[in-house]
């Protein structure tokens, strides 16, 4: 498991994370146990992933923050960007807010077009990375 192997890292961005059954739980509309689906969790990592809005429409980005950094108060910012292929997180340091962004863009480059057409004023964007699926012919 990547979270065990890379425990010396502080932040890990994943594109196309594996969605698995985390636990079987009763549901409000079904007395039978049903699956609780999500990305993998680990006790030494804070897990950030957007929950699917509809069944089987899993987000294609996830972020793991080592608990060593939990004093920075990381937060998932769905109020600013709420998209299955973009994960925006913020944290505080010395009174300033900083941003991290993980992106997955499919083969038609939909996320790159989305970001180009949408204006966000994110001062202190430290990292914007991901799988942009851009092939260079050279």
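Evaluate segment 82-105: report whether one residue or more is in a helix (DSSP H, G or I) and either surrounded by 12 or more Cβ atoms within 10 Å (Cβ to Cβ) or touching a residue at least 12 places away in the same chain (Cβ under 8 Å) (or both). Scanning segment 82-105 turns up no residue that is in a helix (DSSP H, G or I) and either surrounded by 12 or more Cβ atoms within 10 Å (Cβ to Cβ) or touching a residue at least 12 places away in the same chain (Cβ under 8 Å) (or both).
Among residues of segment 50-72 that are closer than 19 Å to residue 3 by Cβ, those with a Cβ under 6 angstrom from a residue that is part of a loop (DSSP other than H, G, I, E, B) and at pLDDT below 80, sequence gap 6+ or separate chain, pair up as 58/19; 58/52; 62/17; 62/39. Scanning segment 117-135 for residues that are modelled with pLDDT of 80 or more and not in a loop (DSSP other than H, G, I, E, B) yields a total of 3. Does residue 100 qualify as being within 21 Å of residue 119 (Cα to Cα) and modelled with pLDDT of 90 or more? Answer is yes for this residue. When residue 70 is tested against (1) part of a strand (DSSP E or B); (2) within 21 Å of residue 9 (Cβ to Cβ); (3) modelled with pLDDT of 85 or more, exactly one condition is not met: (1). Listed conditions (1) without any contact (Cβ under 8 Å) to a residue 24 or more places away in the chain; (2) in a loop (DSSP other than H, G, I, E, B) are all met by residue 47, apart from (2).
The values are calculated or read from the model by the stated rules, or taken from the named source; none is laboratory data. Note that this is a predicted model, so its numbers are computed, not measured. Neighbour counts are summed over all protein chains in view; Cβ atoms, including those assigned to glycine, are modelled from backbone coordinates with ideal geometry.
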